[in-house]
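Visitor: One structure follows; several queries about it will come next.
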Amino acid sequence: MTGRVVHLELARLEAAHLVGLVQQFAELVGDSAPTLADPAIARLVPPAYDDRDAAQEFRDLTQADLLDRRSSDAAVVLESLAEAARISDDPDDPALLETVAVRLDPVQTQAWLRTLAAIRLVLAARLGVTESESADAEDPRFGIYEWLGYRLDGLVAAVDGDD
């Protein structure tokens, strides 16, 4: 795969929080029997067809592979964040705010894009966001949702060469 190498800068504390989000996401998709009764899983594996039977047949054939890929992508993100997310337990440690660069090759960048977008879909399902206008910027529960959108936008711009 060809593409740009992306250098992502973030604070160590930010990296540690992102690791926590990605770990939770990996647990969700790695569950031995994820179910469509969970709206978050349903958002990650939307129906491919309007016909209910055809959609179910397609889902039966593809859901496990799709969730496995999401899990693999999450592992790539976690591996690329390992060094940046190393922080002390001291909440007053100035190193928490230290900016670190994470170098992403094209394969890692694609895994990041898919993972951050998927986590954002999970959060949207949990928060009841169905359209961009339904996210309330004043509600603190939407902070992570908006931050992930900011990070996604930055990654897309970097990949497109708009950085």
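The values are calculated or read from the model by the stated rules, or taken from the named source; none is laboratory data. All values derive from a computational prediction rather than experimental measurement. No Cβ is skipped: glycine too gets one built from the backbone with ideal geometry, and neighbour counts run over all protein chains shown.
Visitor: Could you please tell me which pairs satisfy a Cβ distance under 7 Å, a separation of 6+ or placement on different chains, a first residue in region 40-60 that is modelled with pLDDT of 85 or more, and a second residue that is in a helix (DSSP H, G or I) and among the aromatic types (Phe, Trp, Tyr)?
Guide: If the second residue must be in a helix (DSSP H, G or I) and among the aromatic types (Phe, Trp, Tyr), the pairs left are Ala48/Phe58; Tyr49/Phe58.
Visitor: Can you name the residue in region 6-32 that is modelled with pLDDT under 90 and either over 18 Å from Glu79 (Cα atoms) or in contact with a Pro (Cβ under 8 Å, 6 or more places away or on another chain) (or both) and, of all such residues, is surrounded by the fewest Cβ atoms within 10 Å (Cβ to Cβ)?
Guide: Filtering region 6-32 for residues that are modelled with pLDDT under 90 and either over 18 Å from Glu79 (Cα atoms) or in contact with a Pro (Cβ under 8 Å, 6 or more places away or on another chain) (or both), the one surrounded by the fewest Cβ atoms within 10 Å (Cβ to Cβ) comes out as Ser32.
Visitor: Taking region 73-95 as the region of interest, how many residues are out of contact with any Asp or Glu (no Cβ under 8 Å at 6 or more places or on another chain) and at pLDDT below 95? It would help to see each step written out before you state the result.
Guide: Our first condition is that a residue be out of contact with any Asp or Glu (no Cβ under 8 Å at 6 or more places or on another chain); within region 73-95, this holds for 73-86, 88-95.
Now narrow it down to the ones that are at pLDDT below 95: 82-86, 88-95.
The number of residues fulfilling the criteria is 13.
Visitor: Being under 16 Å from the mean Cα position of the chain (by Cα), of a type in the set (A, V, I, L, M) and either closer than 27 Å to Thr35 by Cβ or modelled with pLDDT of 90 or more (or both) is the requirement here; does Ala117 meet it?
Guide: Working: under 16 Å from the mean Cα position of the chain (by Cα): yes; of a type in the set (A, V, I, L, M): yes; either closer than 27 Å to Thr35 by Cβ or modelled with pLDDT of 90 or more (or both): yes.
In short, yes.
Visitor: Criterion first (crowded, with 20+ Cβ neighbours inside 10 Å, touching a Leu at 6+ places or on another chain (Cβ under 9 Å) and in contact (Cβ under 8 Å) with a residue 12 or more places away in the chain) does Val77 satisfy it?
Guide: Details: crowded, with 20+ Cβ neighbours inside 10 Å: yes; touching a Leu at 6+ places or on another chain (Cβ under 9 Å): yes; in contact (Cβ under 8 Å) with a residue 12 or more places away in the chain: yes.
So Val77 passes the test.
Visitor: Residue check: is Ala15 under 21 Å from Leu155 (Cα atoms) and of a type in the set (A, V, I, L, M)?
Guide: Values: under 21 Å from Leu155 (Cα atoms): yes; of a type in the set (A, V, I, L, M): yes.
Spelling it out, Ala15 is indeed under 21 Å from Leu155 (Cα atoms) and of a type in the set (A, V, I, L, M).
Visitor: Could you tell me which numbered condition Thr35 fails, if it satisfies all but one of (1) in a loop (DSSP other than H, G, I, E, B); (2) out of contact with any Gly (no Cβ under 9 Å at 6 or more places or on another chain); (3) surrounded by 14 or more Cβ atoms within 10 Å (Cβ to Cβ)?
Guide: All conditions are met except number (3).
Visitor: Something else now. When the residues of region 43-57 are narrowed to those that are aliphatic (A, V, I, L, M) and under 16 Å from the mean Cα position of the chain (by Cα), which ends up surrounded by the most Cβ atoms within 10 Å (Cβ to Cβ)?
Guide: Pass one, region 43-57, residues aliphatic (A, V, I, L, M): 44-45, 48, 54-55.
Among the residues that remain, those that are also under 16 Å from the mean Cα position of the chain (by Cα) are: 44-45.
On the way: Leu44: 22, Val45: 18.
Taking the candidates together, the pick is Leu44.
Visitor: Report whether or not Ser88 is assigned to a helix (DSSP H, G or I), touching a helix residue (DSSP H, G or I) at 6+ places or on another chain (Cβ under 8 Å) and among the small types (Gly, Ala, Ser). Can you show your working first?
Guide: Values: assigned to a helix (DSSP H, G or I): no; touching a helix residue (DSSP H, G or I) at 6+ places or on another chain (Cβ under 8 Å): yes; among the small types (Gly, Ala, Ser): yes.
Criteria not met by Ser88.
Visitor: What number of residues within region 81-95 satisfy the criterion of being touching a residue at least 12 places away in the same chain (Cβ under 8 Å) and farther than 26 Å from Asp105 by Cβ?
Guide: 1
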